[in-house]
Structure formats: C-alpha cells, structure tokens
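A short write-up of the structure that comes next.
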C-alpha cells in the first residue's frame, strides 16, 4: 500500500565543464543530485563512507566501443556504495547506438521522475507497481532493511527539528514544556535509530534487541 512518495527533490544536470576523469565531476554530481543516491534516495550525510561516481552504462559495456562515456557527464550518477555495488556491471541494450545513453535494466534517474515508479509502503520500504520498477528493486536490492531505516531516521530527524522550532515560538509555558519533552524523546530515539542504521549498513545481523 502506498504510504508516501519516494522523493521530494528533482535531479537537474548543471555542469557544462568537461574533465578527463570521472572523479573530477564529484562536486557537480553532489550538487545536481542534492547529495542523495540517485537510485535509493538515501542522503549521503547518513553514512560515513563517500558516495560513488557511478556509470549508468557500465565501463565493461562501453569499453573499446564508446570510451567517451567514461567521462560523459550524462552517463555519470551519484550513488551510495550499496546501490553502486549492487548495480555493478549490469547492462542490457544496444551499446553501438550512440544517439542515447540508456540501460534497459534501469530507468534513468535523471530522465525519469522516480516518483512515477517507486513509493514508500506502510513499513517505509521502497515499493513499485511497475514491472520494471519491481525488477530494479531486485537488481539494486532496494528491499534491504537499511533503506527502511534510512527513511524512518530522516523522518524522525525532521520531526525533532519541527518540534524544536515550535518550542521556540510557543508562548504558553505548559505547551512549551510538552514540546520540549516530545522533542527530547524523539531526539533520543533518533540516536538509537542512527546506531541501529549504521550497524545494519555495516552488515551487522540483528536479533531481537541485540546486534551481532
């Protein structure tokens, strides 16, 4: 069941420069993709490892045929490590068709609004009613609990900020104290959920209330 939309931002390519290595595009990709993974929408400030410069058409597919794709900004994506590693060298299409940058396994996250393909279900998981979208969830492993936790943690942090802001403007002492108490509880839960998220992201297995 659809609970919330997948993302709240748009990806817009603004870089007009040409560089000789993909890594030199990092600041432009970070800006244009608003610091979020183009596939799972996870914000980069949640993880402690750098995001990857990812090739939509992988190098294994274009090497020796369309080598210009290695540094073509339109073929570069901003991806979290998990999505990049899951996507790997997966490719399907006509690599000799140099009129477009396409990979039939995946919707191009710049050309396609992922809100039309994905949504968040009642558990915070990434879901889709689209056949190709469901295949992408499998290929990119978007079904992993880490994606549910990232979404939940981000919503909790936003709620905490809203409660703190309300507290600053509330003139009624009783209501202000209630807001302060609520903000404190949410903040403490955020700390717990962040520890859990980081453990899961590192691949820890969780049983009941223990992390192994």
(request) Could you run through segment 98-129 and say how many residues are surrounded by 14 or more Cβ atoms within 10 Å (Cβ to Cβ), over 25 Å from residue 14 (Cβ atoms) and not assigned by TED's automatic domain parsing to the domain that holds residue 57? (result) 8
(request) Report, by residue number, each residue of segment 17-27 that is within 27 Å of residue 115 (Cβ to Cβ) and surrounded by fewer than 13 Cβ atoms within 10 Å (Cβ to Cβ). (result) 27
(request) Please state which of the following conditions residue 143 fails to meet, knowing it meets all the rest: (1) more than 19 Å from the chain's Cα centre (by Cα); (2) part of a loop (DSSP other than H, G, I, E, B). (result) (1)
(message) Looking for something in contact (Cβ under 8 Å) with a residue 24 or more places away in the chain and either surrounded by 14 or more Cβ atoms within 10 Å (Cβ to Cβ) or on the phi > 0 side of the Ramachandran plot (or both) - is there at least one such residue anywhere in segment 163-178?
(response) no
(message) Please pick out the residue among 76, 139 that is modelled with pLDDT of 95 or more, surrounded by fewer than 19 Cβ atoms within 10 Å (Cβ to Cβ) and in contact with a helix residue (DSSP H, G or I) (Cβ under 8 Å, 6 or more places away or on another chain).
(response) 139
(message) What pairs come out if I take residues in segment 195-207 that are in a helix (DSSP H, G or I) and pair them with residues that are at pLDDT below 85 whose C-beta lies under 6 Å away, six or more apart or interchain?
(response) 199/211
(request) Pick out, from segment 8-120, the helices (runs of 4 or more DSSP H) lying fully within it that include 1 or more residues that are closer than 24 Å to residue 144 by Cβ and without any contact (Cβ under 8 Å) to a residue 12 or more places away in the chain. (result) 81-87
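The values are calculated or read from the model by the stated rules, or taken from the named source; none is laboratory data. This structure is a prediction, so every number in the text was calculated from the model and none was measured. Every residue, glycine as well, gets a Cβ built from its backbone with ideal geometry; the counts of neighbours run over all protein chains shown.
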